[in-house]
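Remarks on the structure that follows.
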Amino acid sequence: MERIPLGIQRMDSIVNGGAPRGTVVLLSGESGAGAREFMYTSALINGLAAGDSELHDLYYGDLAADATLPEEIHYVSFTAGESQFRWEVSQTIDEEIVEAGLDAVAFHDLSAHFFHESPIPRDWYAERTASVTDLRSRTDREELLSAFGDLMSDHGPGNLVVIDSLTDLISTTGEEVSWSDVNYVVKGLQKAAHSWDGLILAHVNHETISAERLGQLVDAVNGTMRFEWESGGSTRARTLVIKQFRGVLSQLEDEDIVRFETEIDDAGFDISDVRKIR
């Protein structure tokens, strides 16, 4: 089974190289527990392979036999601009990885669609140019979900696409976007991804939605990684549990792995310890 690297070397080595092509993975995280850093690391380490092979060898190493790099890497944000994204990534990951890795990452800013119907001033999310006036006066504006769907159709096939974040889509549920719309989008992505033969990573903060709705999202994707804070004595640790993942979870079960302890270092998200059933 051909795989696309997740970009976290220790994890990829356990699961034969990464995530199976044609899958959608939900990154379900508590605030600050590592899900966002996982997205950054996955995009940049895969980008590093194209941007600077020597640095990729240094920080990641050789690909597994079943792993092949995505044709392209795309990062989609509903609320952030590219400069904000670059700043946030640079606060987490070493500068040399950021500079080389981001050269191969195409950033897509959907904030104009996201904020257009909101009451906030246009210059909060758009530059003070004629385009702001155009946005204000357009009557044929593509709706947010339509713009997102077109973007995914154009860039999903064969590629790694990181979606930041489904939480933003969910926050817009109301008159224009319903919960069923969000659910349809995720189910549709899962169906389309099978033929696209790429890998889609979609983030959601599970603290912001009900258990029932989270369960619907989990059922709609191929795999779910849950990022949590765990307390033990006087310390707190970031942990990662793979809740379900076709083509991956069985390998972890064979190794008796139940939970990963994780850390954030200069190279981004990493696995610091592997817990096994004793």
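Can you list the aspartates and glutamates whose alpha carbon sits under 20 Å from that of LYS276, skipping same-chain ones fewer than 8 residues off?
ASP12, GLU228, GLU230, GLU253, ASP254, GLU255, ASP256, GLU261, GLU263
Given HIS206, PHE38, ILE97, which one lies farthest toward the positive end of the charge dipole of the chain, if we put +1 on the Cβ of every Lys and Arg and -1 on the Cβ of every Asp and Glu?
It is HIS206, whose Cα lies furthest towards the positive end.
Under a point-charge model restricted to the Cβ atoms of Lys and Arg (+1) and Asp and Glu (-1), what is the dipole moment magnitude of the range 166-278 relative to its Cα centre, in debye to the nearest 20?
Numbers: 12 positive and 20 negative charges, 74 e Å.
Magnitude of the dipole: close to 360 debye.
Please name whichever of LEU69, VAL248, GLY215 sits farthest to the positive end of the charge dipole of the chain, dipole taken about the Cα centre and charges placed at Cβ: Lys and Arg +1, Asp and Glu -1.
Positive-end residue among those listed: GLY215.
Does the range 18-113 come out rounded, prolate or oblate, given a ≥ b ≥ c as the square roots of the eigenvalues of its C-alpha gyration tensor, rounded meaning a/c under 1.5 and, failing that, prolate meaning a/b above b/c? Could the numbers behind the result be given before it?
On the way: a/c = 1.57, a/b = 1.29, b/c = 1.21.
Prolate is the answer for the range 18-113, as a/c is 1.5 or above and a/b outweighs b/c.
Mind checking the angle between helix 211-220 and the chain's longest principal axis? C-alpha axes, 0 to 90 degrees, to the nearest 10.
Once rounded, one gets 80 degrees.
Gaussian network model of the chain, Cα springs within a sub-10 Å range: biggest mean-square fluctuation belongs to which of GLY158, GLY188, GLY17?
Highest fluctuation of the listed residues: GLY188.
Place a +1 charge on the Cβ of each Lys and Arg in the range 3-276 and a -1 charge on the Cβ of each Asp and Glu, then give the dipole magnitude about the Cα centre in debye, rounded to the nearest 20. Before the final figure, lay out each step's value.
Working: 21 positive and 48 negative charges, 184 e Å.
In total the dipole reaches around 880 debye.
Where does the chain land at 222 nm, in deg cm²/dmol rounded to the nearest 500, when only DSSP H runs of n ≥ 4 count, each adding -39500 (n - 2.57), divided by all residues?
Numbers: 12 runs with 112 residues, N = 278.
After summing the helix terms and dividing by the residues of the chain, the value is -11500 deg cm²/dmol.
Where is the GNM fluctuation largest for the chain (alpha-carbon springs, 10 angstrom cutoff): LEU240, LEU58, LEU102?
Greatest mean-square fluctuation among the candidates belongs to LEU58.
May I ask you to compute the full-extension gain from THR79 to SER250, defined as 0.36 nm times their residue separation minus their alpha-carbon distance, rounded to one decimal in nm?
Values: separation 171, 0.36 × 171 = 61.56 nm, distance 3.61 nm.
Stretched fully, the THR79-SER250 segment lengthens by 58.0 nm.
Please work out the C-alpha center-to-center distance from the range 14-89 to the range 162-236 and express it in whole Å.
Between the Cα centres of the range 14-89 and the range 162-236 lies a distance of 17 Å.
If I model a spin label as a point 7 Å beyond the Cα along the Cα-Cβ vector, how far apart are those points for GLU263 and TRP87 in nm?
Going from the GLU263 label point to the TRP87 one covers 2.9 nm.
Which whole-number percent is the relative contact order of the range 3-276 (Cα, under 8 Å, 6+ apart)? Let's see the in-between values first.
On the way: 505 pairs, mean separation 80.5, N = 274.
This gives 29 percent for the range 3-276.
Each value in this text was obtained by applying a stated rule to the coordinates, not by laboratory testing. Quick caveat: nothing in here was measured; it's all calculated off a predicted structure. In this analysis, Cβ positions are derived from the backbone assuming ideal geometry, glycine residues included, and neighbour counts consider all displayed protein chains.
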